[in-house]
Amino acid sequence: MDQLAVRVENLSKVYRLGEHITVSETLFQQLGVLALKPINRMLGRAPSGEAVPLLKALDNISFDVPTGQTLGIIGHNGAGKSTLLKILSRITEPSSGRIGVRGRMASLLEVGTGFHPDLSGRDNVFLNAAILGMPKREIQRRFDDIVAFAEMESFIDTPIKHYSTGMRVRLAFAVAAHLDPDILIIDEVLAVGDAEFQKRCLNRIEAVGESGRTVLFVSHQLNTVSRLCQRTLVMDHGHIVHDAGTLESIRYYNERLGMARSYNSWTPEESPSRPFLTLHEVEILLDGVRVDGAIDVRRDIDVRIRFSANEEGHELSPCLQIFDSSGNWVFVSLDPDPAWQRTKRPKGDYESLVTIPGNLLNEGMYSVSVSIGTHDVYYKYCFAHDCVAFSVYDSMEPGNTRGGYTGELPGPVRPALRWQSRRIT
Amino acid sequence: MSSNEMRYLGRSNLFQYFSEMWVQRELLVFLVWKHVKVQFAQTALGVAWLIVRPLLNVIVLTFVFGRLAQLPSDGQPYLLFVLAGMLPWAYFSSVTNQGALVLLGNSTLITKIFFPRLFLPFSVAIAGLIDFLVTLVLFILISVFMYQQMLSFSILEFLVPLVLLLSFTMGACMWMSALAVDFRDVRHVTGYILQMLMFAAPVVWPVALLADRVGEWAISWFAWYPMVGVIEGFRHVLFSREGSLPWELLGPGFISTFVVLVTGFAYFRWRERQFADVV
């Protein structure tokens, strides 16, 4: 069982930045540049485009995947995950290095690749399956299973432009779920679809993994990775920075890459503040314990800020700022206690604990910035931007604000509001 | 290749390149089928377009060049003369035109999945044969019923200009589709170039006219343009002309087509590694 399914050796991919711009320039402009080159050279001008900056999307990566393993790949956007998958699926070629593969490989980088809106669901199933490499006889054999999995029996002959997005995704994933390759490469395709269907897809991928096939799985959803993968690679800036069991890799990712770094501390020299003030640490706690992993949407989240006033006589008012994963401000909160407002603090060490109530923030990643300054006109003496972060998830257990609704709730907050409904006639 | 061997992905040699295409040939069938089906989805006339398109084309050309301009037509009815010319020309121009766009139009496929990229221009060229066949049947019907000319042409002789037509079209298609990925102006220019090429080819005028007005010497140069041999070859067969095929026109056409085909393939194969990064 120690046979290798995939072997990646010293793989690099270099993009020339700005290549896209020069490339999409018109033929005539290119001809013009070519024609001007000798003239420029005669005039002693350097030919343009010599020092093109290079982007190393992948920098000398090597790893092996034994047959039957489900390997997760996680990392920030731009860490090189997608480039790696594209090279593995032969869509683009590496700049150097090579990849060995044992067995039939299929990749699913997008749900519904090649779907055509004017064709019926039936036609699209055949087309999509053929594009994904399924032989025609096999498509015919599995067609009914595919339609049943998607629960689309009654619409299968309707052009898919009349389908809702959810229906398209269901049909597309049903096709993909019935591919039977030895190696399956999946990129972030489960981010779509309703919760119920997502669950069935996960079960399906899990079953594929358990049947002795090799799966390479890229996702931002760490809980999905931890459910499916035995081993996980953490990528950052084109390197593999960690390669271990999934739980350990996720912990590494959370702590080192700051995606959900729940603790940050500074020595007096590093402290992002004035000399009369030292910010020591910011920590996210649940019931007094440092957070490890995602936080249930129902729980209160505490943020503890520790700092020192090194001189007498400054007004030091701590302030909490929460941003969502796209960098939008969710809210800002100041300590409203009059004891600390507009008062000069004595020298000493201080601690502020601020509680974000449960059932307030929606699911997602949040980053926390902390500042300390004067209260009115707010003047920052200290600002620790994005110093800690946390993620909120919904366990779908009772006690959340969604009632029985299983779809996605949009928006940054989902507070527990008071509803009073009654029949009036 | 046994599934128990580790095989290394990478640049394949020509043999691997074509055997991979052979393994995936079903996909080519599907792409052709999609191309055809999509063309007729949501059209009021549907498949009738296959007949209406060439018919309208030929009627307009006959009126303008046959009636108004009184161009000679080798002693044939002008309608038949121009239809025999349009048969290969319409194939060449519509396939080249669509071929120039086929990679750009399928950019989502190219960036999301690996498959032999040549299938895209191939599928356009194969789907175009349907139009070709319909036009051919149309020609036979008109010739037999309107002009009472019984056709008796040799299939073997018919294949010669057909092979030349397909090879030249494929060569042009590979060039244009790959160029269009790198240079977006190709798609604007294609229609314009094709229009000029059409009047440069003996579609609406007979080759004899060129010999007559310019001189015999012009024809030997002109024959390097493959569509000359193609069109005159088809006319020779379809009008059951005496003697052998016009090899003096077909020969140079085959040579220049070979060059276009080989360079087109080489260029396509060179550029296709970057399609996914650039398209």
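Each reported figure results from applying straightforward, stated rules to the coordinates on display, with no laboratory input. What you are looking at is a predicted structure, and each value in this text was computed from that prediction instead of being measured. Counting neighbours? That spans all protein chains shown, and the Cβs are built from the backbone with ideal geometry, glycine included.
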(message) Using square roots of five times the C-alpha gyration tensor eigenvalues, list the equivalent-ellipsoid semi-axes of the range B:1-159 in whole Å, biggest first.
(response) 41, 18, 14
(message) Please list the three semi-axes, largest first and in whole Å, of the ellipsoid equivalent to the range B:127-279, using sqrt of 5 times the eigenvalues of its alpha carbon gyration tensor.
(response) 31, 19, 15
(message) Can you give me the distance in nm between label points at A:L55 and B:L68, each placed 7 Å from the Cα along the Cα-to-Cβ direction?
(response) 5.4 nm
(message) Once you place label points 7 Å from the Cα toward the Cβ at B:W49 and A:T355, how far apart are they in nm?
(response) 6.8 nm
(request) Could you work out the Kirkwood radius for the range A:230-304, taking every pair of different alpha carbons, averaging 1/r and inverting it, reported in Å? (result) 14.4 Å
(message) From the phi angles alone, apply the Karplus equation (6.51, -1.76, 1.60; θ = phi - 60°) to the range B:255-261 and give each ³J(HN,Hα) in whole Hz, x where the residue is Gly or Pro.
(response) 5, 5, 4, 4, 5, 4, 5
(request) Among the trypsin sites (Lys or Arg not before Pro) in the range A:79-139, which ones are in a DSSP loop with at most 16 other Cβ atoms within 10 Å of the Cβ? Mind listing them? (result) A:R104
(request) Between B:S19, B:S167, B:S240, find the one with the highest GNM mean-square fluctuation for chain B; connect C-alpha pairs within less than 10 Å. (result) B:S19
(message) If packing is taken as the average count of other Cβ atoms within 10 Å, what order do A:339-349, B:265-275, B:206-216 fall into, highest mean first?
(response) B:265-275, B:206-216, A:339-349
(request) Just add up the charged neighbours of B:R271: K/R +1, D/E -1, any other residue whose Cβ is under 13 Å from the Cβ of B:R271. (result) -1
(request) Please find the FRET efficiency linking A:Y405 to A:T165, where r is the Cβ-Cβ separation and R0 is fixed at 22 Å, and quote it to the nearest 0.05. (result) 0.75
(message) Between helix B:49-61 and chain B, what is the angle of the helix's C-alpha long axis to the longest principal axis, kept within 0 to 90° and rounded to the nearest 10?
(response) 40 degrees
(message) Under 5 Å between amide hydrogens, which residues at least 5 positions from A:L361 or on another chain qualify, with H placed 1.01 Å from N in the peptide plane?
(response) A:R414
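Semi-axes of the range A:284-425's equivalent ellipsoid from the Cα gyration tensor, sqrt of 5 times each eigenvalue, largest first, rounded to whole Å?
After diagonalising the Cα gyration tensor, the semi-axes are 34, 17, 14 Å.
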(message) Rounding to the nearest 10 and keeping the result within 0 to 90°, find how far the Cα-based axis of helix B:119-145 lies from the longest principal axis of chain B.
(response) 20 degrees
(request) Take the alpha carbon atoms of the range B:119-186, find their radius of gyration, then divide it by 2.2 N^0.38 Å using N residues; give the quotient. (result) 1.49
(request) Taking only Cα atoms and a 10 Å spring cutoff, compute GNM fluctuations for chain A and point out the largest among A:G68, A:G293, A:G103. (result) A:G103
(request) Consider all pairwise Cα distances in the range A:304-373 and report the whole-number % of them above 13 Å. (result) 69 percent
(message) Can you give me the convex hull volume of the Cα atoms of chain B, divided per residue and expressed in Å³?
(response) 156 Å³
(message) Compute a Gaussian network model of chain A, connecting alpha carbons closer than 10 Å, and tell me which residue from A:T267, A:T355, A:T67 fluctuates the most.
(response) A:T267
(message) Output the 0 to 90 degree angle, nearest 10, between the alpha-carbon long axis of helix A:136-150 and the longest principal axis computed from the alpha carbons of chain A.
(response) 40 degrees
(message) Can you show me the helix-derived [θ] at 222 nm for chain A, built from DSSP H runs with n ≥ 4 at -39,500 (n - 2.57) apiece and divided by the number of residues, rounded to the nearest 500.
(response) -7500 deg cm²/dmol
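Please average, across the residues of A:117-127, the number of beta carbons from any other chain that are within 10 Å of each residue's own beta carbon, and give a whole number. Don't jump to the answer; show the numbers that get you there.
Working: counts 3, 7, 5, 2, 0, 0, 6, 1, 0, 3, 6.
Per residue, the average neighbour count from other chains is 3.
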(request) Measure of size requested: the Rg and Dmax of the range B:1-91, with Cα atoms as the atom set and Å as the unit; please supply both. (result) 23.0, 72
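Using 19 Å as the Cα-Cα cut-off, could you pick out the over-long pairs in A:K86/B:K112; A:K86/B:K34; A:K13/A:K86; A:K86/A:K161; A:K13/A:K81; A:K56/A:K86?
Correct reply: A:K86/B:K34; A:K86/A:K161.
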(message) Averaging over every viewing direction, what projected area does the convex hull of the Cα atoms of the range A:229-357 cover, in nm²?
(response) 10.3 nm²
(message) Need one number: nm distance between label points at B:R241 and A:R418, each 7 Å from Cα along Cα→Cβ, rounded to one decimal.
(response) 9.7 nm
(request) May I have the convex hull volume per residue, in Å³, for the Cα set of the range B:239-279? (result) 93 Å³
(request) Using only alpha carbon pairs under 8 Å that are at least six residues apart, calculate the relative contact order of chain A and give it in whole percent. (result) 14 percent
(message) Let me confirm one metric for peptide A:133-139, namely the mean number of other chain beta-carbon atoms within 10 Å of its residues' beta-carbons.
(response) 3
(request) Assuming 0.692 mPa s and 37 °C, estimate D for the protein assembly as shown with Stokes-Einstein, Rh taken as the Kirkwood radius over Cα pairs, in µm²/s. (result) 107 µm²/s
